[in-house]
Amino acid sequence: MPLKLSRSYAALALTAAAASLAGCGSSGSPLFGGGGGTADTQYVARDVNTLYNGAKTQLDRGNYDKAAELFDEVERQHPYSVWARRAQLMSAFSWYAAEEYQKSTDAARRFLSIHPGNKDAPYAYYLIALNNYEQIADVERDQTATKAALDSLNDVIRRYPDTRYAADARLKVDLVRDHLAGKEMEIGRFYQRRSQWLASVTRFRTVVDEYQTTSHAPEALMRLTESYLALGVPEEARKTAAVLGANYPGSKWYERAYELVQRHAPTA
């Protein structure tokens, strides 16, 4: 869908986090698919370096679900090691890359519950926001995930305003708000087609009042003009058209609103 951008930023963000998490030693063991096989997550006691680097190998090869399972195994077999903390965050990213968004969110929240003050906490919050963002549905469907994405993106901005995660979150917030405005517009037009003018006014006013900086604001003002004229309140239509002209004088929406007002509600 249009809102979903490239996943490259998330991967780049992880690169920095992973730089401090990356293990050492060989990762080519056949036990972890070093020879092209599949990852073995069946419980067998293994040293932490072997487990962690096997997971990293799977991640590097794009076997994200297998990588996540192996990172989870690091924590399961070595829960009190520094590797367990590292593996939790790597598991969260691996599940995200595998498009298992709920599993990724669960892993990130587990990391935060155990290590709330860790230096990688901003990335964990950002990853939760990305999981919500990736689940945004088109405007014809329920927007619960969209609102969750907006809340979690704003949470990143509020908690860590000076980080690169907040900078990316601000860009995504603009896109999410535009998406929510688009949903209001769709419903408003639906009501217009059925001549339910009061209901359409409510939706278009929401766009004008709450999403005035989005790309949908000019059309919302024009649709409001239409709806007010249909309701028989030409004065409100003229006021709305005037606001549209003052803010978007060269737009096609103002031209249409101006024509409507001149035809149906000319000034005395």
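The values are calculated or read from the model by the stated rules, or taken from the named source; none is laboratory data. Owing to the predicted nature of the structure, the values given are computational and were not obtained by experimental measurement. Quick reminder, even Gly has a Cβ in these numbers, built from the backbone with ideal geometry, and neighbours come from all protein chains shown. Calculation scope for accessible area: heavy atoms of the full protein, side chains included, ligands and nucleic acids excluded. Shrake-Rupley method; radii C 1.70, N 1.55, O 1.52, S 1.80 Å.
When the range 109-118 is examined, which residues are found to be open to solvent by 40 Å² or more (accessible area, probe 1.4 Å) and touching a residue at least 24 places away in the same chain (Cβ under 8 Å)?
Once the filter is applied, which keeps residues that are open to solvent by 40 Å² or more (accessible area, probe 1.4 Å) and touching a residue at least 24 places away in the same chain (Cβ under 8 Å), the range 109-118 yields Ile114, His115.
Of the residues in the range 239-268, how many are touching a residue at least 12 places away in the same chain (Cβ under 8 Å) and of a type outside the set (Lys, Arg)?
Within the range 239-268, residues that are touching a residue at least 12 places away in the same chain (Cβ under 8 Å) and of a type outside the set (Lys, Arg) number 17.
Can you pull out every residue in the range 225-235 that is buried (at least 17 other Cβ atoms within 10 Å of the Cβ) and among the acidic types (Asp, Glu)?
Of everything in the range 225-235, just one residue is buried (at least 17 other Cβ atoms within 10 Å of the Cβ) and among the acidic types (Asp, Glu), namely Glu226.
For the range 246-264, what are the residues that are farther than 13 Å from Leu224 by Cβ and open to solvent by less than 40 Å² (accessible area, probe 1.4 Å)?
Scanning the range 246-264 gives a single hit, Ser251.
Among the residues of the range 135-147, write down those that are assigned to a helix (DSSP H, G or I) and buried (at least 19 other Cβ atoms within 10 Å of the Cβ).
Result: Thr146, single match.
What number of residues within the range 187-219 satisfy the criterion of being open to solvent by 50 Å² or more (accessible area, probe 1.4 Å) and part of a helix (DSSP H, G or I)?
11
Taking the range 41-64 as the region of interest, how many residues are open to solvent by 70 Å² or more (accessible area, probe 1.4 Å) and either at pLDDT 95 or above or in a helix (DSSP H, G or I) (or both)?
Qualifying residue count for the region: 2.
Determine, yes or no, whether Phe204 is without any contact (Cβ under 8 Å) to a residue 12 or more places away in the chain and under 22 Å from Thr146 (Cα atoms).
no
Pairs under 8 Å by beta carbon, first residue over 22 Å from Asp174 (Cβ atoms) and without any contact (Cβ under 8 Å) to a residue 40 or more places away in the chain in the range 212-238, partner assigned to a loop (DSSP other than H, G, I, E, B) and of a type in the set (Ser, Thr, Tyr), six or more apart or different chains?
As it stands, the answer is Ala230/Ser195; Arg238/Thr267, since those pairs meet every condition given.
Given the criteria among the hydrophobic types (A, V, I, L, M, F, W, C), at pLDDT 95 or above and either more than 13 Å from the chain's Cα centre (by Cα) or surrounded by fewer than 17 Cβ atoms within 10 Å (Cβ to Cβ) (or both), does Ala167 qualify?
Here the answer is yes, as Ala167 does meet what is asked.
Can you tell me which residue among Asp106, Asp72 is out of contact with any helix residue (DSSP H, G or I) (no Cβ under 6 Å at 6 or more places or on another chain), part of a helix (DSSP H, G or I) and open to solvent by 40 Å² or more (accessible area, probe 1.4 Å)?
Asp106
Yes or no: Glu226 under 29 Å from Arg141 (Cα atoms) and either at pLDDT 95 or above or touching a strand residue (DSSP E or B) at 6+ places or on another chain (Cβ under 8 Å) (or both)?
yes
Answer yes if at least one residue in the range 245-252 is closer than 17 Å to Arg203 by Cα and either more than 33 Å from the chain's Cα centre (by Cα) or among the aliphatic types (A, V, I, L, M) (or both), and no otherwise.
No; the residues of the range 245-252 include none that is closer than 17 Å to Arg203 by Cα and either more than 33 Å from the chain's Cα centre (by Cα) or among the aliphatic types (A, V, I, L, M) (or both).
Leu180 - would you say it is aliphatic (A, V, I, L, M), on the phi < 0 side of the Ramachandran plot, open to solvent by less than 20 Å² (accessible area, probe 1.4 Å) and assigned to a helix (DSSP H, G or I)?
Yes.
Scan Leu150, Leu89 and give me the residue that is buried (at least 24 other Cβ atoms within 10 Å of the Cβ) and either assigned to a helix (DSSP H, G or I) or free of Cβ contacts under 8 Å to residues at least 60 places away in the same chain (or both).
Leu89
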